[in-house]
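The values are calculated or read from the model by the stated rules, or taken from the named source; none is laboratory data. In this text, all values refer to a predicted model and were calculated from it rather than measured experimentally. Please note: Cβ atoms are built from the backbone with ideal geometry, for glycine as well, and neighbour counts cover all protein chains shown. These accessible areas exclude ligands, DNA and RNA; they are computed on the full protein's heavy atoms, side chains included. Shrake-Rupley method; radii C 1.70, N 1.55, O 1.52, S 1.80 Å.
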Amino acid sequence: MEQICMQIMPEMKENLKTNKGIIWQVTFFFLFYWLCHSVSGQIHYNIVEEMKKDSVIANIADDLELDINKLSSRKLQIVSHVSEKHFYVNPGNGNLYVRDRIDRETLCGSAATCSLIFDAMVENPFYFFNINIVIQDINDNAPVFFHDTFTIEIVEFTLPGARFALQSAEDPDIGINSIQTYKLGDNQYFTLTETKGDDGSTFPELILEKPLDRETQSNHELILTALDGGNPVRSGTVLIKIVIADANDNVPKFTQNVYKVSVNENDPVNSTVIIVEATDTDEGTNAQITYSFSKNSESIHHTGMFSINSANGEIQTNRNFDFEKIKNYELSVQAKDGGGLVAHAKVLIEVIDDNDNAPEIIITSLSTSIPEDSEPGTVIAVIRVNDQDSGENGEVDCQITEKVPFELNLSSNRFYKIITTKIVDREINSSYNITVVATDRGSPSLSRRRTIRLEISDTNDNPPVFMKSTYVAYISENNLPGASIYSVKALDPDAGDNAKIMYSVFNTNIDDLPVSTYFSINIKTGVLYAQRSFDFEQNKEFKLQVTARDNGSPSLSSDVTLLIRIVDQNDNAPKILYPPPENGLTVFEMVPFPSEPGSLITKVVAVDEDSGHNSWLSYHFMQVSEPFYCIINKHTGEIRTSRAFQEKHVLNHKVVVLVKDNGVPSLSSTTTLSLVIADRFQQVVPKIISHANDGNVDSNQQLYLVIALALISLLFIITIMVVIISKCRVSKSPTTSFSTSLYPPMDPRVLSMYSDGTLSLPYPYNFCVTLDSADNDFTYVPPHQNVPVENLIDTDDLGHENESLNNPLKTKGIEQVSHKLYIIYHILPFKT
């Protein structure tokens, strides 16, 4: 059958692929599939008892037409705990061997047939079959008499033809090997005959051939021999002593030749089984009956289990019954009167089974782990149930107690398969405890449970998941390059490599520059680092796409949007648009002499490139002449008259206006105004010209100084460029920018110190982070510059306290120019 399944199944599968729409073919395929995976059979073997240990009975593989090369992988095994004591199978060659000596009489007693039935099974596919070993009897037991000597008392005037029952011999063998005939020794008074009982048993009897004369001979001794039909013939003998006595002409008689009784398995010791009774019509001592067992071989007749009251024939138990060991007892009892006459009867005792054995659950095949994407119908385990009781007490029902995605599938009357009913999810349950309960149908019922633990192995079926759909991070402008600015986190409910997450930033361009020049991310931790210092006035917001990808196969990923918003700092001083502070000249404003108090004279206009509070401007007078007749609006910058002018008042007033923002610290700018009070401009022309001439002299001197400084700076820059070009030609070292996959540990003590100023971007530049404090390529330390270390890379491992000073460096004019030149000189020539 197995070969038929293996030949036909592939052809049916191929036919289904080409004819998917035919419903009857699909139905027939599944029916044939179930038949092939549930097929079973039975084979018979005949053996003789007393086979030697390790003798070969037969080759199971050949008889079942199994492939011997696949026996080991298919786990050929015997699954009966009873037969395992007597047989074993070699999974390599399929031979069935005798484990130990087999005695048919011990196993089956006097039963007509003796056989051992057990199960064998193979896997992949699952296939079980019954093996019936019939044990054939050999003549290994000689006939045995219960007593070596048997005494008969015969009244001397007994007439010829009288019959006297003799003790029968017992032979545990069966059939031709059992007792076939009896033989009596030569004598002149007696002959031997055999009488058949109702149950087919044979009893030898003596027949008196001629009268006895006690006075002539009071005793006779005869040899009775029992012969079996074996080859060679075995025999047993008993000595019969015949005592000639006075007349006792009535033999005791039982009320029944065969007594049948049933007892419960749980009857207590010393309980009465039955009372046998015999009567004798004689009188006196010839009528006094004594009861006894006529056979006492415990291995066969079980008299050690019972005792009989010699006076009243009551049979009682000496031990507890065990239905699973012995189901029936056969006792031979005799009643003997005072004259020596004996009557025989049989007592057949049937033991009624009690439900005293709980079912057994035996796991014959088990998978301790399955992947979570296993298809429904996957076999988890194959179990066998057994109950030593009989009838309903031995009928067993199995079930799974928990609500789990598994079920029991009955393969035969003793085998169950535990299979999956749906696809399991390791992220919901990583393991299951499957409790199988076997309950018999006895009253009261007995049960036994066994728990099977099943682990669910992980498959990569869950992508990483971010906690938010969009992340927003805030970073102050003028930040320190290389500092960590934010951290994203994704979770993956899978396990092992399937849960290991790597982070990356989607490679887009920002202002025509790759994202790697602005940001980098730690592929393991998801920490985002700034690659440069940002300027709020140039870039207010960045939008990045962060990808989290697991290490499974195939790999799964998910994306999240990260918005990085630059927070403004007060790094721009107010810029005065009017009056324009150009050429160092003072702006003149004409104020009509008859102006009323509150009249608008002029308005100072200023702007601030910062935003928010940092761009809120206020206007103030710093230097005014005394007396002064004007006021300035703090919020609008409007300058108005505060009172009417008099003839005696000064016609020309010089004021310095201070414009400052609301940042911390506050930044400011100043401008100078000259207010001319007159009805006509001709009244103050001479003074204005004089004042202008004085201003021109000072302005010319400043102009000369600026020109000289510009020439010196130009020469210095040319010198630096020549040095840079020469070094580049010598080194020819390629520069390398930061990538998102490299994050060496970094000691913040070796970072360069940076000013608060905003670089004029975009300028492409490279930033180098050394791996050790001794490997400094350059160090730029402006005086009184503070570098906060709380945002630097890996500062948690340094063990240093964060330090912060509150006096940032402000550079202006020539110091700012030289500062930029210093950076160009010390950074650009070095390798990155």
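Counting only protein heavy atoms and a 1.4 Å probe, tell me what percentage of the stretch 527-569's accessible area is made up of carbon and sulfur.
Details: 730 of 1710 Å².
Roughly 43 percent, rounded to a whole number.
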| query | Which pairs in the list 603/634; 85/417; 53/325; 325/346; 634/660 are over 20 Å apart, alpha-carbon to alpha-carbon? | reply | 85/417; 53/325; 325/346
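Order 85, 654, most accessible first, counting only protein heavy atoms with a 1.4 angstrom probe.
Details: 85 135, 654 105 Å².
Largest accessible area first, the residues go 85, 654.
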| message | For the stretch 190-292, what does the convex hull of the Cα positions come to per residue, in cubic angstrom? | response | 194
| message | I need the shape label for the stretch 56-171. Rule: rounded when a/c is under 1.5, else prolate if a/b > b/c, else oblate, with a, b, c from the alpha carbon gyration tensor. | response | prolate
| query | Can you pull out the trypsin sites (Lys or Arg not before Pro) in the stretch 492-554 that DSSP calls coil and that have at most 15 other Cβ atoms within 10 Å? | reply | 500, 524, 540
| task | Give me the compactness ratio for the stretch 111-268, meaning the Cα radius of gyration over 2.2 N^0.38 Å. | result | 1.51
| request: Give me the distance in nm between label points sitting 7 Å out from Cα along the Cα-to-Cβ direction at residue 500 and residue 42, one decimal. | output: 5.8
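Starting from 0.36 nm per residue, how many nanometres of slack lie between residue 628 and residue 85 once their C-alpha separation is accounted for? Could the numbers behind the result be given before it?
Working: separation 543, 0.36 × 543 = 195.48 nm, distance 12.71 nm.
My answer for the length gained is 182.8 nm.
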| query | In Å, what is the Rg of the alpha-carbon atoms in the stretch 241-370, and how long is Dmax? | reply | 21.2, 90
| query | When all C-alpha to C-alpha distances in the stretch 307-448 are sorted into bins of 10 Å, what percent of pairs does each bin hold, rounded to whole numbers? | reply | 10, 27, 20, 15, 11, 8, 6, 3, 1, 0
| note | Order by accessible surface, 1.4 Å probe, largest leading, for residues 469, 168, 668 comes to 469, 668, 168
| Could you give the length gained on full extension between residue 117 and residue 260, defined as 0.36 nm per residue of separation minus the Cα-Cα distance, in nm? | 48.6 nm
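In what sequence, largest accessible area first, do 72, 599, 310 appear using a 1.4 Å probe?
Values: 72 85, 599 40, 310 60 Å².
From most accessible down to least: 72, 310, 599.
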| message | Keeping all protein chains in the complex and leaving out DNA, RNA and ligands, what accessible area do you get for residue 596 with a 1.4 Å probe, in Å² to the nearest 10? | response | 120
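May I ask you to list the trypsin sites (Lys or Arg not before Pro) in the stretch 95-153 that are in a DSSP loop and have at most 16 other Cβ atoms within 10 Å of their Cβ?
Details: sites: 99, 101, 104; in loops: 99, 101.
Here the sparse-neighbourhood loop sites are 99, 101.
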| query | When all protein chains stay in place, what accessible area (Å², nearest 10, 1.4 Å probe) is found for residue 428? | reply | 130
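List the equivalent ellipsoid semi-axes of the stretch 304-359 in whole Å, largest first, each obtained as the square root of 5λ for an eigenvalue λ of the Cα gyration tensor. It would help to have the intermediate numbers written out before the result.
Values: eigenvalues 191, 24, 10 Å².
Result for the stretch 304-359: semi-axes of 31, 11, 7 Å.
Roughly how many percent of the accessible protein surface of the stretch 220-371 is carbon and sulfur, given a 1.4 Å probe and a whole-percent answer?
On the way: 3140 of 7250 Å².
Carbon and sulfur atoms account for 43 percent of the accessible area of the stretch 220-371.
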| Counting pairs of Cα atoms in the stretch 474-536, how many percent are more than 13 Å apart? | 67
| note | Here the alpha-carbon Rg of the stretch 492-601 over 2.2 N^0.38 Å rounds to 2.07
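With the cut-off at 14 Å, report for the stretch 157-205 the share of all Cα pairs above it, as a whole percent. Working shown, then result.
Numbers: 698 of 1176 pairs.
Roughly 59 percent, rounded to a whole number.
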| Roughly how many Å² is the accessible area per residue of the stretch 120-252, as a whole number, for a 1.4 Å probe? | 48
| Heavy-atom accessible area of residue 728 with all protein chains present, probe 1.4 Å, nearest 10 Å²? | 70
| query | For the stretch 407-510, what is the accessible area per residue in Å², given a 1.4 Å probe and the full set of protein chains? | reply | 51
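What are the trypsin sites (Lys or Arg not before Pro) within the stretch 398-454 that DSSP puts in a loop, where the Cβ has at most 14 other Cβ atoms within 10 Å?
Details: sites: 403, 414, 417, 422, 426, 441, 448, 449, 450, 453; in loops: 403, 414, 422, 426, 441.
For trypsin sites (Lys or Arg not before Pro) across the stretch 398-454 that sit outside H, G, I, E and B with at most 14 neighbouring Cβ atoms in 10 Å, the list reads 403, 422.
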